[in-house]
1. Which lysines, on any chain, are close to Lys343 with Cα under 24 Å apart, when same-chain ones fewer than 8 places away are left out?
2. With springs connecting C-alpha atoms under 10 Å apart, model the chain as a Gaussian network and identify which of Leu89, Leu193, Leu274 has the largest mean-square fluctuation.
3. Which of these, Phe133, Phe248, Phe218, has the largest mean-square fluctuation under a Gaussian network model of the chain (Cα springs below 10 Å)?
4. How about Lys104: which lysines have a C-alpha closer than 20 Å to its C-alpha, ignoring those fewer than 8 places off in the same chain?
5. Just tell me which aspartates and glutamates come within less than 18 Å, Cα to Cα, of Lys175; anything on the same chain fewer than 8 places away is out.
6. Can you compute the FRET efficiency between Arg53 and Arg192 using 1/(1 + (r/R0)^6), with r the Cβ-Cβ distance and R0 = 25 Å? Round to the nearest 0.05.
7. Would you mind ranking Tyr184, Tyr316, Tyr148, Tyr39 by Cβ crowding within 10 Å, fewest neighbours first?
8. Using bins 5 angstrom wide from zero, how does P(r) for the stretch 1-150 break down, in % of all Cα pairs?
Amino acid sequence: MRVLGLESSCDETGAAVVDGEGRVLSDVVQSQVAVHAPYGGVVPELAARDHLRNIGPVVREALARAGTRLEELDGVAVTNRPGLVGALLVGVQAAKGMAWAANKPLVGVDHLMGHVLSVFVRRGEGDATPPRFPFVCLLVSGGHTAIYRVNAARPEAIVELGATRDDAAGEAFDKVAKLLCLGYPGGPVVDRLAGTGDPTRVKLSPPMASRASLEMSFSGIKTQVARLVAERAGRRDGAWVADVCASFQAAVTGVLARKVIEAAMREGVEDVVLGGGVAANAELRRRVRELGAARGLRVLVPPLASCTDNAAMIAYAGAVRLSQGERDGWDLVATSRTALDRKTRKGRGAR
Ligand code: KG4
Ligand code: ZN
């Protein structure tokens with residue numbers, strides 16, 4: 001089976017061709033960072049317009065690199081939730097048009113399913129060993145932060161064990177970077193600068209860190225950084241900024257790592273999986289591996305290109321849906337909500 005996947009939920013336009021085993025035949029990502037950087041964050045209207053400009057060339061490139069044509073594929077998969085609705089609409093409508101023109105099956109993919117299953121995507125070098133079900137997954141991105149028990153590769157078989165009550169961890173990285181005037185997106189810059197700072201010099205405490213609960217919160221620590229920055233006005237040097245980055249990163253990754261390992265122990269699973277843009281963070285990867293090894297758990301971390309937004313994970317999650325006999329029609333919609341969170345589930349009576 002070979003599937004074309006499209007991704008346009010936020011600020012990356014992606015197209016990829018993946019086979020049924022998750023082998024990547026092509027994976028093209030056109031980033032919009034330069035478009036949004038002057039505004040310090042993603043501007044939804046500009047994102048939608050840029051997807052519209054880029055989706056055609058990105059798809060053409062993905063097919064060319066895979067050495068195939070639409071007519072030779074087995075289906076088209078597209079992110080249809082969650083995300084910026086105007087941005088999602090571009091990918092969804094392009095996918096509908098292609099599926100209709102080439103008479104191929106169409107499947108919508110929940111972006112978070114893509115992140116959860118990204119560990120199964122096979123890129124070659126640096127691939128993680130595929131986990132065994134059930135496993136526990138920490139999904140940490142710019143829009144979501146949650147810990148799931150994954151019983152099988154279907155939304156109904158995924159149980160949310162804990163989630164952030166306010167900001168996503170990636171959002172906190174981005175806001176702290178903005179406060180420190182480090183540009184957008186902030187995660188990779190904070191990651192780099194934290195490596196040169198001392199995490200013990202600036203005191204920051206992450207909320208809900210010591211609770212037995214698997215719930216999380218990251219807005220309080222951002223406010224602490226805002227206060228420090230205000231107090232320090234005019235006396236901010238490079239070394240101080242690096243120390244704040246190191247403290248912030250240690251606090252956030254410490255909570256995330258402890259909670260996902262705690263979740264795995266409580267659930268009695270052997271495998272722990274990371275997914276989402278913040279899973280590219282070097283300190284988070286190191287801490288989860290270290291704590292997991294101490295508890296005898298297998299920690300499986302996808303390569304960086306599978307953590308940040310990409311269409312290969314969408315194509316793979318779509319291939320899984322197609323192999324389960326699922327199909328979507330012209331009525332496929334775009335929505336800002338995931339099917340995986342507790343509130344959405346309750347609303348649909350699915351749990
Ligand atoms: O999964 P993703 O690419 O997009 C969403 O679905 O949100 O995640 C993007 C987020 C951004 O907040 C970005 O700052 C963060 O992931 N990120 C990182 C790193 N690389 C990306 N955060 C911390 N350390 C990194 N190395
Ligand atoms: Zn994402």
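All of the numbers you see were taken from the coordinates with simple rules; none came from a lab. Predicted model only: the values in this text are computed from it and were never measured. Note that we place each Cβ from the backbone using ideal geometry, even for glycine, and neighbour counts take in every protein chain shown.
1. Lys259
2. Maximum among the listed residues: Leu193.
3. Between Phe133, Phe248, Phe218, it is Phe133 that shows the largest mean-square fluctuation.
4. Lys96
5. Partners within reach: Asp11, Asp166, Asp167, Asp191, Glu231, Asp243.
6. Result of the calculation: an efficiency of 0.25.
7. Taking fewest neighbouring Cβ atoms as first place, the list is Tyr39, Tyr184, Tyr148, Tyr316.
8. Result returned by the calculation: 2, 10, 18, 21, 20, 16, 10, 4, 0.
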